1. Quick check on the range 253-276. Is at least one of its residues of a type outside the set (Gly, Ala, Ser), open to solvent by 40 Å² or more (accessible area, probe 1.4 Å) and touching a residue at least 60 places away in the same chain (Cβ under 8 Å)?
2. Checking Ile334 against (1) within 30 Å of Asp283 (Cα to Cα); (2) open to solvent by 10 Å² or more (accessible area, probe 1.4 Å): exactly one of these is not met. Which one?
3. Is it true that Ala323 is open to solvent by 30 Å² or more (accessible area, probe 1.4 Å) and closer than 23 Å to Arg24 by Cβ?
4. What tally of residues in the range 349-363 results from selecting those that are open to solvent by 50 Å² or more (accessible area, probe 1.4 Å) and within 14 Å of Ser195 (Cα to Cα)?
5. From the list Leu392, Leu370, Leu354, which one is farther than 15 Å from Thr190 by Cβ and touching a residue at least 12 places away in the same chain (Cβ under 8 Å)?
6. Considering only residues that are surrounded by 16 or more Cβ atoms within 10 Å (Cβ to Cβ) and small (Gly, Ala, Ser), look in the range 381-399 and name the one that is nearest to Thr350 (Cα to Cα).
7. Of the residues Arg90, Arg72, Arg105, only one is open to solvent by 30 Å² or more (accessible area, probe 1.4 Å), closer than 22 Å to Leu260 by Cα and not small (Gly, Ala, Ser); which?
Amino acid sequence: MDPNAPIVIIGAGQAGMQIAESLRHEGFNGTLTLCGEEPHPPYQRPPLSKKWLVEGGSAASLAVRGPAVLERLKIVLKTDTRVRAVDRTRKQVELSDGSQLPYDRLALATGSLPRTLPIPGASLPGVLALRGIADSVAIGAAIRHCAAEGRKIVVVGGGFIGLEVAAAACKLGAEVTVLEGLPRLMSRVTAPVVSESFARLHRSHGVQLVFGAQVAEIVGYEGHVAGVRTRDGQEYPAGCVIVGIGVDPDDLLARSAGLLCDRGIIVDACSRTSDPLIAAAGDCTARRLPDGELIRLESVQNAIEQGKSAAAALMGRERPFVAAPWFWSDQFEIKLQMVGLSRGYDQVVTRGDLDKPAYSAFYYRAGRLLAVDSLNRISDHMQAKKLLDAGLSPTPEQAADPQFELISLLKARDATAAGA
């Protein structure tokens, strides 16, 4: 394998840009092409449902790296470029204009696609979902129009994206209803105590929350969305409907090329796919854990760390992604910071003030710390990251005691190591 033969990266988001940048840091000096479907250079997506949705701004303000960096690193950026197929035999990718782009090694960073509602009326004008800059611009314009006209916004889905958009819509002066099919908010990723804190928060800002809402139809009037009807016959008027029911990995190219996929492109800890010449990173992947379980992570950290691992893999090196995963969400005046994976927990203890709220929820399984959710407790979050990365676990009693210094566990470990 020629270490400097051309490398192509499909997907020009956070993960794709990280792969490109890391390849240069790994010493790759060959032709490096980054293909993206959107007209923009790589940009940050989290602000699209938060501050940028409310305040707007230029696409350039969201850039992951400016044009000067791309030029300095000699990254060939092809925007408005859709890859139609990957030919692993000929080692080339086919672009939507019919041209081919040869590669020696390939990286896939195709991201994810918003799930759609499989119900009547889902394609009506005014039914929107968030993926990129154009979507955020359209949603912001629709919210402002509804606010000015006194029409309501309905958000379908009480997860991160739905709640962030609901908070943004309130800030823009709109009246908002959130329809959630499950009994509580963010139920797949947070404990009931955290869900209840966010329910109180949204209600305090005038958001109507409806739980157990099974959406049956998007109702239209004169060719535009007019409301949402649920299976129990209730109808919620809407000048705009925003669908935030999660995403699916965009693994179509990989599946068509014969790579192993299972709700995402299957990769190992080093971002290697079933083809030794192809790596993958970001939302499009499903990482195989040592116990055989597949895990999907949708976060900036995952895109960055898998991007670094993918670049190393393409250079024939190993750089496994082993850090505890972390996530965040901004909703009104609360910053939620999460570290670790809470699935399978059997105990939750809290530390701090639940009424403000300014507290952390510590998730345990069999007495071992799995994850920590922090609401306006940045110090707890930072310490929890260090503890989980170090494999250290405070007891539930220690975590619940605000007088106990979590960092003392790290200090004790370091003192023991120094004395050994």
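1. Among the residues of the range 253-276, not one is of a type outside the set (Gly, Ala, Ser), open to solvent by 40 Å² or more (accessible area, probe 1.4 Å) and touching a residue at least 60 places away in the same chain (Cβ under 8 Å), which makes the answer no.
2. Of (1) within 30 Å of Asp283 (Cα to Cα); (2) open to solvent by 10 Å² or more (accessible area, probe 1.4 Å), only one is false for Ile334: (2).
3. Details: open to solvent by 30 Å² or more (accessible area, probe 1.4 Å): yes; closer than 23 Å to Arg24 by Cβ: yes.
For Ala323, the condition - open to solvent by 30 Å² or more (accessible area, probe 1.4 Å) and closer than 23 Å to Arg24 by Cβ - is met.
4. Just the residues of the range 349-363 that are open to solvent by 50 Å² or more (accessible area, probe 1.4 Å), to begin with: 353-356.
Pick out the ones that are also within 14 Å of Ser195 (Cα to Cα) and you get 354-355.
Residues meeting the conditions: 2.
5. Values: Leu370 fails: farther than 15 Å from Thr190 by Cβ; Leu354 fails: farther than 15 Å from Thr190 by Cβ.
Sole residue among the options that is farther than 15 Å from Thr190 by Cβ and touching a residue at least 12 places away in the same chain (Cβ under 8 Å): Leu392.
6. The selected residue is Ala399.
7. On the way: Arg72 fails: closer than 22 Å to Leu260 by Cα; Arg105 fails: open to solvent by 30 Å² or more (accessible area, probe 1.4 Å).
Only one candidate qualifies: Arg90.
Let's see how each residue does on (1) out of contact with any Leu (no Cβ under 9 Å at 6 or more places or on another chain); (2) modelled with pLDDT under 95:
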site: Ile242; (1), (2): no, no
site: Ile245; (1), (2): no, no
site: Arg255; (1), (2): yes, no
site: Gly264; (1), (2): no, no
site: Cys270; (1), (2): yes, no
site: Leu277; (1), (2): no, no
site: Asp283; (1), (2): no, no
site: Ala286; (1), (2): no, no
site: Asp291; (1), (2): yes, yes
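The values are calculated or read from the model by the stated rules, or taken from the named source; none is laboratory data. Quick caveat: nothing in here was measured; it's all calculated off a predicted structure. FYI the Cβ positions are ideal-geometry reconstructions off the backbone, even for glycines, and counts take in every protein chain you see. SASA here: full protein model, heavy atoms, side chains in, ligands and nucleic acids out. Shrake-Rupley method; radii C 1.70, N 1.55, O 1.52, S 1.80 Å.
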